[in-house]
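First comes the structure, then the notes that go with it.
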2 protein chains.
Amino acid sequence: MCKALENLQRYLINRGGFTPLEADQVVASFTTKVLRKHQSLLQQGDVWRYHAFVSKGCLRTYTVDEKGLEHVISFSTENWWPGDCESLISGAPSNYNIEALEDCKILLIHNEQFIDICRQVPGMNNMVNAMYQRSFAAAQERINAFLQYTAEEKYRYFIKKYPAIPNRVPLHMIASYLGITKETLSRIRNTLRKEMAAGV
Amino acid sequence: MCKALENLQRYLINRGGFTPLEADQVVASFTTKVLRKHQSLLQQGDVWRYHAFVSKGCLRTYTVDEKGLEHVISFSTENWWPGDCESLISGAPSNYNIEALEDCKILLIHNEQFIDICRQVPGMNNMVNAMYQRSFAAAQERINAFLQYTAEEKYRYFIKKYPAIPNRVPLHMIASYLGITKETLSRIRNTLRKEMAAGV
DNA sequence: CGATTCTTTGAAAACAGTCAATCTGTGTGG
DNA sequence: CCACACAGATTGACTGTTTTCAAAGAATCG
C-alpha cells in the first residue's frame, strides 16, 4: 500500500475505531489524486460529489463575492476532509473554490461508492456522524470568536489553535480567514513581535 | 397523543422520511418539558446529555465571556434541535447557556436512549447525519456572512433569512447574534425605516 | 402606577479599513 | 549568474464605520 493510503488507514483506525481489516476495506475504494500548487480540487459552479481526505499538503476553501473579493472559509491540512457538504446534499452547484496551497496528495471517493461503504461497514455511519459533529462544533467556536474577539484577539486565538498554519500559508490569506485586512494583520504581527522582544 | 408530540411526529415523517409507525416508535421515547420564559434548558458548567426538539416557543443559546458580556450563538424556534453537541460528544461541561425567550414546549430524550433508537430504527442514523450536515452548512454560511458583510448587510441578510425572528426577539439579542452593538442596530433599523417610507 | 427592560438618540473616541508607496524575497528567463 | 518580474509583506497618512459613554424616551410587567 502506498504511503498516501496508509495515512487514511491510520486515520480510520485511530479516529474511527476500525480494525485494520475494516480500514483496508474502506481504503481500497479511494483513489489517489495529486494536486500541484495552485491547482483546484473544486471550482465554483461545479457540483461536489465526493469525499476527499488530505493525505499530504494544504488547501484553502474560499468564496468570491459580488465585488470580486476572495474570502477564505477554511484551511485543510493533513487528515482533514475538505469539500462542500451543502453541494453534496443538495446537488446544487457549489459556491466554493478549493485550491492547493502546496503540492498535495488527496484521497478521493465518489459519494455513491461512499454510501455503499457506509452500508457495508458497520461503524462507518458513526464515524461520519462524529466528523460532522466535530465540524459543526468547530464552526460554532469560530462564530463565537467572531462575536467576542477584536482583530488582535482573533489572531492570537488562531495561532494558538493552529500553530502550524502561519508557517505554511501567506499572511493575506490568514487575514482573510479572520475577516480582517492584510495591513491590519501585519500591524498586529508587529506588536506581537515587539512583545516577544520585550519578553512578555 | 398530545399536540407537542404530534409536531415531532410530523417532523420525522416530513423531514426524516419515516413511516407514521416508525415515527410513533421514535416519538414514544421522548418526554415533554415545559419551559417558562426566562427558564433555562442548559446552564454553563452542566453537561449536555440529551437531544431536544422545540415543539413550541423560542430559545437562545449564548455564551458569557471573561468580561461578563453575553454573546448570542443561536436562536431556536419550532422544529429546531437546540443543545451543545460539543459537550454531548466529549462529556465535558458546557460553555453555553440555553434560555427560553418565550414559554416553550420541549421534547427531550437522553442520549443513551437516543442511541438505542438509532440502532433499532433504520434511517435514524441518516436523519441525524442530515441534521448535522445542515447545521454545519448553516454555520459555514454564517461565517461567510461575517467575512464579507458590513453591519447593515448582515442585518438585511438576517431578516431575509429569518423573517419571523425580529418580531419574537428583543433587538439587543439580534445585535449580539450579528456581532454588533444594539445602538448600531437601532440606527440601521432607522435607515431601513426611512427607506421603506421613501418606497425603495 | 412604579420598576424593569428595551429602544432610541447624540457626541466623542477608537478601531480597523482604504489608498498608496516601498520593501522583501523568490523564481524565471535571458 | 544576473536582472527582472511578481507575489507577498510592511509602513504611513487619512478616512470612515462602529463602538463607547451617557442620557432620555417607550414599552412591558407585576
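The values are calculated or read from the model by the stated rules, or taken from the named source; none is laboratory data. What you are looking at is a predicted structure, and each value in this text was computed from that prediction instead of being measured. In this analysis, Cβ positions are derived from the backbone assuming ideal geometry, glycine residues included, and neighbour counts consider all displayed protein chains.
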Handout entry: Count - residues of the range B:34-58 that are charged (D, E, K, R) and more than 16 Å from the chain's Cα centre (by Cα)
Key = 3
Practice task
Test B:Ile89 against the criterion of being closer than 25 Å to A:Arg134 by Cα and touching a residue at least 24 places away in the same chain (Cβ under 8 Å), and give yes or no.
Solution key: no
Fill in the blank from the handout: Across the range B:157-198, the tally of residues that are away from DNA strand C (no atom under 12 Å from the Cβ), surrounded by 13 or more Cβ atoms within 10 Å (Cβ to Cβ) and free of Cβ contacts under 8 Å to residues at least 12 places away in the same chain stands at 1
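Against the condition more than 14 Å from DNA strand C (Cβ to nearest atom) and either touching a Phe, Trp or Tyr at 6+ places or on another chain (Cβ under 6 Å) or among the basic types (Lys, Arg) (or both), how does A:Lys105 come out, does it pass?
Numbers: more than 14 Å from DNA strand C (Cβ to nearest atom): yes; either touching a Phe, Trp or Tyr at 6+ places or on another chain (Cβ under 6 Å) or among the basic types (Lys, Arg) (or both): yes.
Yes: the conditions hold for A:Lys105.
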Handout entry: In the range B:160-181, residue nearest to DNA strand D (Cβ to nearest atom) [restricted to those that are within 14 Å of chain A (Cβ to nearest Cβ) and of a type outside the set (A, V, I, L, M)]
Key = B:Thr181
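This table checks each residue for (1) farther than 30 Å from A:Val72 by Cα; (2) modelled with pLDDT of 95 or more; (3) within 16 Å of DNA strand D (Cβ to nearest atom).
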| site | (1), (2), (3) |
| --- | --- |
| B:Ile98 | yes, yes, no |
| B:Pro122 | yes, no, no |
| B:Asn125 | yes, no, no |
| B:Val128 | no, no, no |
| B:Met131 | no, no, no |
| B:Phe158 | no, yes, yes |
| B:Asn190 | yes, yes, yes |
Practice task
Could you figure out which of (1) in contact with a strand residue (DSSP E or B) (Cβ under 8 Å, 6 or more places away or on another chain); (2) closer than 23 Å to A:Asn129 by Cα isn't true of B:Thr63?
Solution key: (2)
Handout entry: Checking B:Ala145 against (1) within 16 Å of DNA strand D (Cβ to nearest atom); (2) more than 10 Å from chain A (Cβ to nearest Cβ), the condition it does not meet
Key = (2)
Fill in the blank from the handout: Checked against (1) at pLDDT 95 or above; (2) within 9 Å of another protein chain (Cβ to nearest Cβ), B:Asn111 satisfies every condition except (2)
Problem - First in the range A:1-16 and modelled with pLDDT under 95, second anywhere and in a helix (DSSP H, G or I), Cβ under 6 Å, 6 or more apart - result: A:Leu5/A:Val27; A:Gly16/A:Met127
Exercise for the section: Of all residues in the range A:133-142, count the ones that are closer than 21 Å to B:Val72 by Cβ and facing chain B (nearest Cβ under 7 Å). Expected result: 5
Handout entry: All positions within the range B:114-123 that are more than 10 Å from every other protein chain (Cβ to nearest Cβ) and under 20 Å from B:Trp48 (Cβ atoms)
Key = B:Phe114, B:Asp116, B:Ile117
Problem - Selection within the range B:28-48 - touching a strand residue (DSSP E or B) at 6+ places or on another chain (Cβ under 6 Å) and either among the charged types (D, E, K, R) or free of Cβ contacts under 8 Å to residues at least 40 places away in the same chain (or both) - result: B:Lys33, B:Lys37
Exercise for the section: Return the residue satisfying two criteria in turn: it lies in the range A:59-97 and is more than 10 Å from chain B (Cβ to nearest Cβ) and among the hydroxyl-bearing types (Ser, Thr, Tyr), and of such residues it is farthest from the chain's Cα centre (by Cα). Expected result: A:Ser94
